[in-house]
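The values are calculated or read from the model by the stated rules, or taken from the named source; none is laboratory data. All figures in this text were calculated on a predicted structure; none of them were measured in a lab. Because the Cβ atoms are built from the backbone with ideal geometry, glycine has one as well, and the counts that use them run over all protein chains shown.
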Amino acid sequence: MARALLVPSDGEPFQIERIDGQSPVILVCEHASRTIPRSLSTLGAKPDTLTSHAAWDIGALATAQKLSALLDAPLIHQRFSRLVYDCNRPPEAPDAIPEMSEVHAIPGNRNLPDEARQQRIAEIYEPFRQALADLVAARTGPAKQPVIVTIHSFTRVYFGIARHRAIGLLHDRDRRLADAMLQLAENEGITNAMRNYPYGPDDGVTHTLRLHAVQHGLLNVMIEYCSDLIDTEPGQDEWAGRTARLLEAALERFHIDIHAAGPQQA
């Protein structure tokens, strides 16, 4: 029998904060951590890889936590690096366990035996997926529907090409909330937001939205911040505040009170 991937000292593969929050918004941060389980050591990766954007979304968790406090919204986040398993990818996706991330090699993921791959799915992805599904189900009823908002960050330079936008608002086939936020962004001084930037559905980045929101008809959006805007606490405070106000204004269009989990109309 294969050795367990996670040992008790690693803790759980996910964490839920503010589970009793009263906002209809559910915040999700799939790339929150750069932690590697003890059993995998460093995955053979270089030290700078393990602190880089390849390993996690820099600033995303702290920004999500601040947004959670402003909205009184529950937040679920992955506790291990996406280099171990990317919880925003389905098990069949090749980049769910990447062998390369941009220019960063991940030797411990090369030629991974199927048994080891299935172990990561079972111990990392499935608990996260089920916990989020349960959280959505618990907050869904005849008079209320949750709103799914996933929080990410992107690196300013990727494969040597500079990215000049501050924020991307991403969606899959349900564009309702992204449309409203894009229309209202300038009211919050956000003049360089862009739809499906720097990635889009064709890049496979809308898995969480599709699985937990789109198929249930729930309003949803994926927010991508440029990481150099949220890599310090002042930046995190600024963008969490801007996002809270933007979400509030956008959800008013759907007759949803962002601060209360009471009756709503879609």
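Tabulated data
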| quantity | calculated |
| --- | --- |
| Only listed residue being exposed (fewer than 15 other Cβ atoms within 10 Å of the Cβ) and in contact with a helix residue (DSSP H, G or I) (Cβ under 8 Å, 6 or more places away or on another chain), chosen from Asn192, Asn187, Asn220 | Asn187 |
| Flag for Ile76 being over 28 Å from Thr243 (Cα atoms), among the aliphatic types (A, V, I, L, M) and either surrounded by 23 or more Cβ atoms within 10 Å (Cβ to Cβ) or out of contact with any strand residue (DSSP E or B) (no Cβ under 6 Å at 6 or more places or on another chain) (or both) | no |
| Candidates Arg3, Arg34, filtered to the one that is basic (Lys, Arg) and crowded, with 16+ Cβ neighbours inside 10 Å | Arg34 |
| Residue in segment 223-259 that is surrounded by the most Cβ atoms within 10 Å (Cβ to Cβ), counting only those that are of a type in the set (Val, Ile, Thr) and at pLDDT below 95 | Ile256 |
| Qualifying positions in segment 97-115 - closer than 24 Å to Val205 by Cβ, out of contact with any Pro (no Cβ under 7 Å at 6 or more places or on another chain) and assigned to a helix (DSSP H, G or I) | Gly108 |
| Candidate set from segment 121-135 (those that are buried (at least 20 other Cβ atoms within 10 Å of the Cβ) and aliphatic (A, V, I, L, M)); member that is farthest from Leu209 (Cα to Cα) | Ile124 |
| Filter result for Asn88 (part of a loop (DSSP other than H, G, I, E, B), farther than 23 Å from Ser9 by Cβ and touching a His at 6+ places or on another chain (Cβ under 8 Å)) | yes |
| Selected residue (criterion: nearest to Tyr197 (Cα to Cα)) from residues of segment 153-184 that are at pLDDT below 95 and of a type in the set (A, V, I, L, M, F, W, C) | Ala166 |
| Residue in segment 106-117 that is acidic (Asp, Glu), surrounded by fewer than 21 Cβ atoms within 10 Å (Cβ to Cβ) and either closer than 19 Å to Gln215 by Cβ or touching a Lys or Arg at 6+ places or on another chain (Cβ under 9 Å) (or both) present | no |
| Count of residues meeting criterion [part of a loop (DSSP other than H, G, I, E, B) and at negative phi] in segment 4-44 | 21 |
